[in-house]
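Each remark here refers to the structure printed beneath this line.
Just so it is clear, none of the values below were taken in a lab; they were calculated from the coordinates. The model shown is predicted, which means the values in this text are computed figures rather than measured ones. Here Cβ is always computed from backbone atoms with ideal geometry, including for glycine, and neighbour counts include all displayed protein chains.
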Amino acid sequence: MEGTIKSKILDADGIRRAVTRIAHEIVEKNKGTDKLVLVGIRRRGVPLAERIQEYIKEFEGVELPLGILDITLYRDDLSTIDVQPVVHETDVPVSIEGKTVILIDDVLYTGRTARAALDATMDLGRPERIQLAVLVDRGHRELPIRADFVGKNLPTSRREIVAVRLLEVDAEEDVLLLEREDHN
């Protein structure tokens, strides 16, 4: 982690409650599960999408299709990331034509990741609608994008970092607020 821990925003139980609530809100807002496709944005959006899929299966008895989206080549800061960015596979195993695609990510910040995910999704087909679900919305949008489903709204300063750690990726489970370290 690149910063000093200021506070723990969510523990494992808090994350579970937030993701469960998001799953219920997705079903409620869409009046059921017809034509829904869950798509996790690569890295931490994928395990969150898998959890939402599992919760919906538990309380609706329906296993929604689940896809994985890699947005690396769609990023507008690609040239600043690396000369040879690592591109992972996008795997959306069903047609999204005429469907409601729920894009799922861990943190919504500037909106640039969400914009890249929208572009990547549109290259897969023409969904009826696209909705965005995030575990944490920290503000500071640079693009006119907002989440349809939010686990936790967390006003932050630009000096702060929101670190989401999930068991599947990090072997730990929490959301931390960090203070960026000065490198003078």
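Could you compute the net charge surrounding Gln53? Neighbours are other residues with a C-beta less than 12 Å from the C-beta of Gln53; K and R count +1, D and E count -1.
On the way: positive: Arg51, Lys57; negative: Glu50, Glu54, Glu58, Glu60, Glu63.
Here the count lands on -3.
Around Val136, which amide H atoms from residues at least 5 apart in sequence, or from another chain, sit under 5 Å from its own amide H, with H modelled in the peptide plane?
Placed amide hydrogens put Val107, Leu108, Gly151, Lys152 under 5 Å from Val136.
Could you tell me which helices of the chain pass both thresholds, a Cα extent of 24 Å or more along their own axis and a mean Kyte-Doolittle hydropathy of at least -1.0, with helices taken as whole DSSP H runs? If you can, show how the numbers build up before the last one.
On the way: long enough: 12-29 (25 Å, -0.27).
The answer, listed by residue number, is 12-29.
For the stretch 145-158, just list the computed ³J(HN,Hα) in residue order, Karplus coefficients 6.51, -1.76 and 1.60, θ = phi - 60°, integers in Hz, with x standing in for Gly and Pro.
Result, ordered by residue: 10, 9, 7, 7, 9, 10, x, 8, 8, 9, x, 9, 9, 5 Hz.
Counting Lys and Arg as +1 and Asp and Glu as -1, each charge on the Cβ, what is the dipole of the stretch 1-150 about the Cα centre in debye, to the nearest 20?
Using only the charged Cβ atoms, the result is roughly 460 debye.
Please give the Cα centre distance for the stretch 90-105 versus the stretch 145-167, rounded to the nearest Å.
With the stretch 90-105 and the stretch 145-167 each reduced to a Cα centre, they are spaced 23 Å.
For the stretch 98-184, what Kirkwood radius comes out of the mean inverse Cα-Cα distance, in Å?
14.3
Using a cut-off of 13 Å between beta-carbons, work out the net charge of the residues near Asn30 (Lys and Arg +1, Asp and Glu -1, Asn30 not included). If you can, show how the numbers build up before the last one.
On the way: positive: Lys29, Lys31, Lys35, Lys99, Arg129; negative: Glu25, Glu28, Asp34, Glu60, Glu128, Asp148.
Counting the neighbours of Asn30, the net charge comes to -1.
Tally Lys and Arg at +1 and Asp and Glu at -1 over the other residues with C-beta under 10 Å from the C-beta of Glu160: what net charge comes out?
Details: positive: Lys6, Arg138, Arg158, Arg159, Arg180; negative: Glu179.
Charge balance in the 10 Å sphere: +4.
Could you derive backbone 3J(HN,Hα) for the stretch 166-181 from the dihedral phi with the Karplus parameters 6.51, -1.76 and 1.60 (θ = phi - 60°), listing whole Hz in sequence and x where the residue is Gly or Pro?
10, 3, 5, 10, 10, 6, 9, 9, 5, 10, 10, 9, 10, 9, 4, 7
Run through all the Cα pairs of the chain and give the fraction in each 10 Å bin from 0, expressed as whole percent.
9, 36, 38, 14, 2, 0
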